[in-house]
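Worksheet for the structure shown next.
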Amino acid sequence: MNAHTKETQNQMTPESAKNALMDGNARFVQGQQTGRDLMKQVRQTSTGQFPFATILSCIDSRVSSELIFDQGIGDIFSVRIAGNFVNEDILGSMEFACKLAGTKLVVVLGHTACGAVKGACDHARLGNLTTLINKIEPAVEAVTEPQDETLRNSSNIDFVNEVAKTNVHMTIDNIRKSSQVLKDMEDAGEIEIVGGMYDIKTGLVTFY
């Protein structure tokens, strides 16, 4: 399989970009990954890159976007930070990826049993991690059930996963609110901003 070119990138739409990721995840789950000559793709992309999607995901070692979506060299921009939230630097990276490099889709990808989300549920405090946790804690507060404080912590995996899902939705809202560039592109139909959740037990990505 060849790496994307400017022509093939231009032919893609936000919908076809999402479908390409969904198809890739299906291949991953079924163990039918596409055969690729990665060094050939290295050579093909040596003079330029034309990815079709930008994926914001967690640093979790089990959630590599290239692997779980069965993509190769030059196919996606992969932005990774614990808890998959945005700040000015990440927003700037996304604006570059979409406005200047031509990606058609922005995906905010959470995952089940997220350690950063567990830390936020427990209101963990540790050095610089405290600042990171503080950025995820609004999602904890936004999940109103259960009300019993003894169930609102990392020992309740259903609560953790609901917070992770809420964090994805809040991150998408933050992107639209904090990046006029990306909001304008989405309003014009040039890109789509979507959320999803990766199940670490099954390998399946569910888009919202």
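Every number here is computed from the coordinates shown, using simple stated rules; none is lab data. Keep in mind the model is a prediction, meaning the values are calculated, not measured. Here Cβ is always computed from backbone atoms with ideal geometry, including for glycine, and neighbour counts include all displayed protein chains.
How much net charge surrounds Val108 when only the other residues with a Cβ under 14 Å from the Cβ of Val108 are counted, with Lys and Arg +1 and Asp and Glu -1? All intermediate terms of the calculation are to be shown ahead of the outcome.
On the way: positive: Lys18, Arg80, Lys135, Lys165, Arg176, Lys177; negative: Asp173, Glu186, Glu192.
Charge balance in the 14 Å sphere: +3.
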Next item on the list: Evaluate the charge dipole of the stretch 6-125 about its Cα centre and quote only its size in Debye, nearest 20, assuming +1 on the Cβ of each Lys and Arg and -1 on the Cβ of each Asp and Glu.
Entry: 140
Margin query: What's the ranking of 36-48, 109-121 by average number of surrounding C-beta atoms within 10 Å, highest first?
Written below: 109-121, 36-48
Notebook entry, point to check: With the dipole of the chain worked out from charges on the C-beta (+1 for Lys and Arg, -1 for Asp and Glu) around the Cα centre, which of Val117, Thr34, Asn174 lies farthest toward the positive end?
Noted result: Thr34
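Set the Förster radius R0 to 25 Å, insert the Cβ-Cβ distance between Lys6 and Asp199 as r into 1/(1 + (r/R0)^6), and round the FRET efficiency to 0.05.
Numbers: r = 35 Å, r/R0 = 1.39.
FRET efficiency, Lys6 to Asp199: 0.10.
Dipole of the stretch 71-208, Cα-centred, from +1 at each Lys and Arg C-beta and -1 at each Asp and Glu C-beta, to the nearest 20 debye? Write down the numbers at each step before the final one.
Details: 12 positive and 19 negative charges, 65 e Å.
I would put it at about 320 debye.
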Notebook entry, point to check: Do you know the Lys pair count in the chain for C-alpha distances under 20 Å, with sequence separation 8 or more or different chains?
Noted result: 19
Notebook entry, point to check: Between Thr206 and Arg43, what length comes free when the chain is fully extended (0.36 nm per residue of separation minus the Cα-Cα distance, one decimal in nm)?
Noted result: 55.4 nm
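Output the peptides 73-80, 131-138 sorted from most to least packed, where packing is the average of other Cβ atoms within 10 Å over each peptide's residues.
Values: 73-80: 21.1, 131-138: 17.2.
Top of the packing list down: 73-80, 131-138.
What does the net charge come to around Ile136 if you take all other residues with beta carbon closer than 12 Å to its beta carbon, with K and R at +1 and D and E at -1?
Values: positive: Lys118, Lys135; negative: Asp122, Glu137, Glu141.
Charge balance in the 12 Å sphere: -1.
Within 11 Å, Cβ to Cβ, of Phe85, how many net charges do the neighbouring residues add up to if Lys/Arg are +1 and Asp/Glu are -1?
On the way: positive: Lys135; negative: Glu137.
Summing Lys and Arg as +1 and Asp and Glu as -1 gives 0.
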